[in-house]
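Notes for the one structure printed next.
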C-alpha cells in the first residue's frame, strides 16, 4: 500500500511535468499530423511510374491485343518500329524498352535499358518476357518458378500499411526520448534533490516514469487509429504490444539518461541509439535489410507484430513470441536501470 500511495503521488507530479514540459502536446501533435497524413495525404495505392515502352515486331503482330488489354496502347507506350521505341526510351532517363520479336517457333525479345537498372529489375524483366510469350500461346521450359504465398489474402492499402511503422516511431520517440528527457528535467528543476529525502525509493521513481510514457504512447496510438482506422483492431493485443514496447524503451532511455547532466549532452548519444533502433525500419520496405541483428531489435519486433495485428497477412501469429522476447528484455533492462538510477541519480551528493 505504501508503494502504491507513493506511486500515485509521484505519478500525478510526473503527469503535470509532462504537461507543462509540453511532452503531451508533442506526443498528441505527432499523432495528429501522422493520422491526418495517413487519412488524407498518403495514397491508397502507390503509382509505380510510367509503363514500359513496348513494340510488337513479331511477324503476326500477336501482341497488339495483349498490349491494349494492359493499357499500354492507351498510355501511348506502344510503338510501331524499333527506331520509334529507341527514341521513346532515350527521351526518358527512367524508361525501359521491350520489343517482342520472332515467331512462336523461335520466340524472342529485345530489351532496351538505361544501364543503371538494378540486377533484380533486369532478372524480373527477363522472366516477364517468358511470361508474356507463355500468355500468348508459347510455352518454353523455364529455370524459375513463381510461387505466390497466400494468394487469396488481399493487399492492404498503402496508406494503412504505414500505420505499424508510424506506431513504432511513436514507441521510439515517446518511450526512449521522453523517458530520458523526464529524468533530465528532474535534474534541471532540482526535483531529484527533493525526491532523495522522500520515502519513495528507486522503484517508485522508475515506475512513475514508465507509466507516464506508456500512457502517452497509448494516447498517441488511440489518436492515430481514430483518425485513420484499419479495418479491424484487436484492442487487447494492440495494448499489450504498445505497453511492452513503450515500457522497454522508456526503461532504456532512463538508464542512458542517468549518465548525463544536461539535455544537450544526452542528445548525441540518444540520437546514435535511436539511429540504431531505426535501422529496423528499412526492412519494412526492403527485405534485404532483414538481417539477424536487425531482427533482434525491439523496434523490428514491434513493427512487424503490429503489422500482423492491424493488417493480417495470414501468417501464424507472433504475438506470444513477441511478448516473451520483449518481456525478457524488459526484465533485464529494469534490473540494470534500477541499479543505474539508484547509484547514479538518487545517491548522488
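Checking the stated criteria, residue 334 turns out to be within 24 Å of residue 180 (Cα to Cα) and assigned by TED's automatic domain parsing to the domain that holds residue 210.
When 174, 212, 183, 256 are checked against the criterion of being closer than 25 Å to residue 326 by Cβ, part of a helix (DSSP H, G or I) and modelled with pLDDT under 90, a single residue qualifies: 174. In the set (1) within 18 Å of residue 335 (Cα to Cα); (2) buried (at least 20 other Cβ atoms within 10 Å of the Cβ); (3) within 29 Å of the chain's Cα centre (by Cα), residue 211 fails one condition alone, (2). Contact annotation: residue pairs with Cβ atoms under 7 Å, 6 or more positions apart or on different chains, pairing a residue in the range 1-13 that is in the same structural domain as residue 24 (by TED's automatic domain parsing) with a partner that is at pLDDT below 90, are 6/199; 6/200; 10/200. Any residue that is modelled with pLDDT of 90 or more, within 27 Å of residue 158 (Cβ to Cβ) and out of contact with any strand residue (DSSP E or B) (no Cβ under 6 Å at 6 or more places or on another chain) - is there at least one of those in the range 321-336? Yes, because at least one residue in the range 321-336 is modelled with pLDDT of 90 or more, within 27 Å of residue 158 (Cβ to Cβ) and out of contact with any strand residue (DSSP E or B) (no Cβ under 6 Å at 6 or more places or on another chain). Could you say whether any residue in the range 80-97 is outside any loop (DSSP other than H, G, I, E, B), more than 30 Å from residue 184 (Cα to Cα) and touching a helix residue (DSSP H, G or I) at 6+ places or on another chain (Cβ under 7 Å)? Yes, the range 80-97 contains a residue that is outside any loop (DSSP other than H, G, I, E, B), more than 30 Å from residue 184 (Cα to Cα) and touching a helix residue (DSSP H, G or I) at 6+ places or on another chain (Cβ under 7 Å). Here are the criteria: (1) free of Cβ contacts under 8 Å to residues at least 24 places away in the same chain; (2) touching a helix residue (DSSP H, G or I) at 6+ places or on another chain (Cβ under 7 Å); (3) assigned to a loop (DSSP other than H, G, I, E, B). Tell me which single one residue 229 does not satisfy. Residue 229 satisfies all of (1) free of Cβ contacts under 8 Å to residues at least 24 places away in the same chain; (2) touching a helix residue (DSSP H, G or I) at 6+ places or on another chain (Cβ under 7 Å); (3) assigned to a loop (DSSP other than H, G, I, E, B) except (2).
Regarding residue 76, is this residue free of Cβ contacts under 8 Å to residues at least 40 places away in the same chain, in a loop (DSSP other than H, G, I, E, B) and surrounded by fewer than 14 Cβ atoms within 10 Å (Cβ to Cβ)?
Criteria met by residue 76.
When the range 186-208 is limited to residues that are in contact with a helix residue (DSSP H, G or I) (Cβ under 9 Å, 6 or more places away or on another chain) and assigned to a loop (DSSP other than H, G, I, E, B), the one that is nearest to residue 330 (Cα to Cα) turns out to be 200.
Do the conditions hold for residue 310, that is, is it assigned by TED's automatic domain parsing to the domain that holds residue 172 and within 20 Å of the chain's Cα centre (by Cα)? Against the criterion (assigned by TED's automatic domain parsing to the domain that holds residue 172 and within 20 Å of the chain's Cα centre (by Cα)), residue 310 qualifies. Output the number of the condition that residue 302 fails; it satisfies all remaining conditions of (1) out of contact with any helix residue (DSSP H, G or I) (no Cβ under 7 Å at 6 or more places or on another chain); (2) farther than 22 Å from residue 343 by Cα. All conditions are met except number (1). Output the number of the condition that residue 113 fails; it satisfies all remaining conditions of (1) over 22 Å from residue 135 (Cβ atoms); (2) loosely packed, with under 13 Cβ neighbours inside 10 Å. Result: residue 113 fails condition (2) only. Scanning the range 284-301 for residues that are assigned to a helix (DSSP H, G or I) and either loosely packed, with under 11 Cβ neighbours inside 10 Å or not assigned by TED's automatic domain parsing to the domain that holds residue 327 (or both) gives 287, 288, 292, 293.
Picking from residues in the range 273-283 that are assigned to a helix (DSSP H, G or I) and more than 13 Å from residue 253 (Cβ to Cβ), the one that is nearest to the chain's Cα centre (by Cα) is 281. When you scan the range 93-100, do you find a residue that is in the same structural domain as residue 78 (by TED's automatic domain parsing), exposed (fewer than 14 other Cβ atoms within 10 Å of the Cβ) and modelled with pLDDT of 85 or more, even just one? Yes. Selection of the range 233-281 for residues being out of contact with any helix residue (DSSP H, G or I) (no Cβ under 8 Å at 6 or more places or on another chain) and more than 28 Å from residue 187 (Cα to Cα) yields 235, 236.
The values are calculated or read from the model by the stated rules, or taken from the named source; none is laboratory data. Everything numeric in this text was worked out from a predicted model, so none of it was measured. In this analysis, Cβ positions are derived from the backbone assuming ideal geometry, glycine residues included, and neighbour counts consider all displayed protein chains.
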